Amino acid sequence: MAKSKLRFSLTNISTTPSSTTMLIQTTLSFACTPRTVRHRSLPPKCVLSVSPPSKVRRTHSLPPEKLEVFRSLEGWASQCVLPLLKPVEKSWQPNSFVPDPSSPFEEFMDEVKALRDRTKELSDEYFLVLVGDMITDEALPTYQTIMNSLDGVKDDCGTSPSPWAVWNRGWSAEENRHGDLLRTYLYLSGRVNMNMIEKTIHYLIAAGMEAGFENNPYLGYVYTSFQERATFVSHGNTAKLAKEGGDPVLARICGTIAADEKRHEKAYSRIVEKLLEVDPTGVMVAVGTMLEKRITMPAHLMYDGEDPMLFEHYAAVAQRVGVYTVNDYADILEFLIERWRLEKVEGLTGEGKRAQDYVCGLAPRIRKLQERAEERARKMKPRSMKFSWIFHKELHL
């Protein structure tokens with residue numbers, strides 16, 4: 001990649017008076033700001049959310065000679081990555097956490113009533129953020145499709161025995177339970193508008209996701225390392241808030257999901273760690289490239305048919321209640337830099353060293369920008385927004 005294509009700067013993070021919102025977006029669960037909000041120009045009664053044409057996207061950027069890297073690591077992946085998938089018979093299933101519909105009717109209804117009683121004291125802000133997490137999980141078809149488009153690790157036939165393909169299918173199967181469980185719990189709680197939530201999921205899957213992977217597994221695995229760590233933090237925080245709010249069952253649900261995310265993060269981080277041994281410059285540039293692009297939250301194109309800036313508004317509430325914050329994002333960045341020992345990587349080309357300097361100096365700069373943004377925000381008039389997911393109740397942003 002030419003030097004001119006790697007700016008490695010913070011020009012993508014605004015420091016204008018509205019920068020609090022921008023910084024919130026850069027850090028919400030599963031990562032950074034959308035490059036643009038695709039739904040702003042949609043007509044009010046648009047049937048489907050479709051991303052309009054944007055700049056020319058780069059695709060298949062992995063040099064052909066590097067395909068061999070992944071072929072040569074198949075044995076290693078079988079031994080070191082696939083064991084991080086749990087056998088189906090030893091895995092939890094959503095039905096274990098919610099009222100059993102096969103139980104006698106009165107017993108089932110008593111369990112539903114107990115669930116509703118537990119959730120009564122949880123705030124509307126909490127439910128809004130939990131809905132956002134669930135909607136993100138429910139768009140799993142998009143994420144599996146994107147991961148299966150990565151050159152060198154894709155599943156060419158749908159049942160490929162390649163360990164990269166086996167991992168992607170197994171990871172998807174485990175992730176699939178997360179949205180199913182949260183959706184069922186939210187449905188039974190009676191606290192949310194399921195029709196608007198289901199419309200949002202429909203819009204989101206139809207819209208897709210602009211991840212910026214370029215069909216390149218280096219970029220894809222860097223992204224998923226960040227994203228899985230972020231979901232671990234986010235679900236861990238919703239677990240903590242549920243426990244504090246008087247719902248130990250929901251706390252256990254969110255904690256169980258967080259444990260899955262941590263295990264998945266371990267797998268993706270391990271892959272990047274191995275790639276660093278084989279191709280340090282290639283990986284360092286990939287980390288810098290993904291951060292320069294801004295690691296986009298999977299659900300950045302969310303839309304409910306009403307609010308064209310739904311993601312930004314949801315992100316602002318998530319930041320305010322502490323489910324996922326700018327500091328969390330900076331913490332994750334520092335965590336991965338330390339885990340991958342990026343500051344100590346040697347043998348880099350000039351391009352690799354520039355990427356190393358950018359990556360290793362980014363977290364403190366993000367924290368400084370956050371401080372400035374918060375200072376400006378304190379001087380601004382408070383804003384609020386009505387959210388269709390919670391029956392158009394108004395929340396402060």
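The values are calculated or read from the model by the stated rules, or taken from the named source; none is laboratory data. Owing to the predicted nature of the structure, the values given are computational and were not obtained by experimental measurement. Methodologically, a virtual Cβ is constructed for each residue, glycine included, from the backbone with ideal geometry; neighbour enumeration extends over all protein chains shown. Heads up: the accessible areas ignore ligands, DNA and RNA and are worked out on the full protein's heavy atoms, side chains in. Shrake-Rupley method; radii C 1.70, N 1.55, O 1.52, S 1.80 Å.
Taking a Cβ cut-off of under 12 Å around Trp164, the surrounding Lys, Arg, Asp and Glu residues balance to a net charge of -1, with basic ones at +1 and acidic ones at -1. Any idea what angle helix 248-278 forms with the longest principal axis of the chain, computed on alpha-carbon atoms, 0 to 90 degrees, nearest 10? Its long axis makes an angle of about 10 degrees.
Between Glu121 and His60, what's the calculated FRET efficiency when r is the beta-carbon distance and R0 is 45 Å? Round to 0.05. It comes out at approximately 0.30.
How about the range 112-180: which trypsin sites (Lys or Arg not before Pro) there lie in a loop by DSSP and see at most 14 other Cβ atoms within 10 Å? Kindly include the intermediate steps, with their values, before the conclusion.
Values: sites: Lys113, Arg116, Arg118, Lys120, Lys154, Arg169, Arg177; in loops: Lys120, Lys154.
Answer in residue order: Lys120.
Mind checking the log10 I(q)/I(0) for the range 193-331 at q = 0.16, 0.17 Å⁻¹? Debye, one equal scatterer per Cα, no solvent, two decimals. Ignoring solvent entirely, the Cα scatterers give -1.00, -1.10. From the alpha carbon centroid of the range 176-232 to that of the range 100-159 is 9 Å. For Lys393, the amide hydrogen comes within under 5 Å of the amide hydrogens of Phe387, counting only partners 5 or more places away or on other chains and with H modelled in the peptide plane. Relative to one another, the C-alpha centroids of the range 76-94 and the range 332-350 are positioned 28 Å apart. Between helix 217-244 and the chain there is an angle of about 30 degrees, using the helix long axis and the longest principal axis of the Cα atoms.
Rounded to the nearest Hz, the phi-derived 3J(HN,Hα) couplings of the range 308-324 under the Karplus curve 6.51 cos²θ - 1.76 cosθ + 1.60 (θ = phi - 60°) are x, 10, 4, 4, 4, 5, 4, 4, 5, 5, 4, 5, 5, 8, x, 6, 8, where x marks glycine and proline.
Restricting to DSSP H runs of at least four residues, report the calculated mean residue ellipticity at 222 nm for the chain, -39500 (n - 2.57) per run over all residues, nearest 500 deg cm²/dmol.
-18500 deg cm²/dmol
Mean-square fluctuations from a GNM of the chain, with a 10 angstrom spring cutoff on Cα atoms, peak among Ser78, Ser91, Ser189 at Ser91. Accessible area per residue for the range 134-214 is 34 Å², calculated with a 1.4 Å probe on protein heavy atoms, without ligands, DNA or RNA. Counting only protein heavy atoms and a 1.4 Å probe, tell me what percentage of the chain's accessible area is made up of carbon and sulfur. Summing carbon and sulfur atoms, their accessible area is 54 percent of the total for the chain.
The overall shape of the range 337-397, judged from the alpha-carbon gyration tensor, is prolate: a/c is not under 1.5, and a/b is greater than b/c.
3J(HN,Hα) along the range 161-177, derived from phi through the Karplus expression 6.51 cos²θ - 1.76 cosθ + 1.60 where θ = phi - 60°, amounts to x, 4, x, 5, 6, 4, 4, 4, 5, x, 4, 4, 5, 5, 5, 4, 5 Hz, with x in place of Gly and Pro.
The simple Förster model, with R0 at 22 Å and r as the Cβ-Cβ distance, assigns Val278 and Gln79 a FRET efficiency of 0.90.
Putting +1 on Lys and Arg Cβ atoms and -1 on Asp and Glu Cβ atoms, find which of Met385, Gly350, Ser160 reaches farthest to the positive end of the dipole of the chain. Highest projection toward the positive end goes to Gly350. Taken one residue at a time, the phi angles of the range 107-112 give Karplus couplings (6.51, -1.76, 1.60, θ = phi - 60°) of 5, 4, 5, 5, 5, 5 Hz. Gly and Pro are set to x. For the range 341-371, the list of GluC sites (Glu not before Pro) that fall in a loop by DSSP and count at most 11 other C-beta atoms within 10 angstrom reads Glu346.
Dipole magnitude for the chain: about 1460 debye, using +1 per Lys or Arg Cβ and -1 per Asp or Glu Cβ, origin at the Cα centre.
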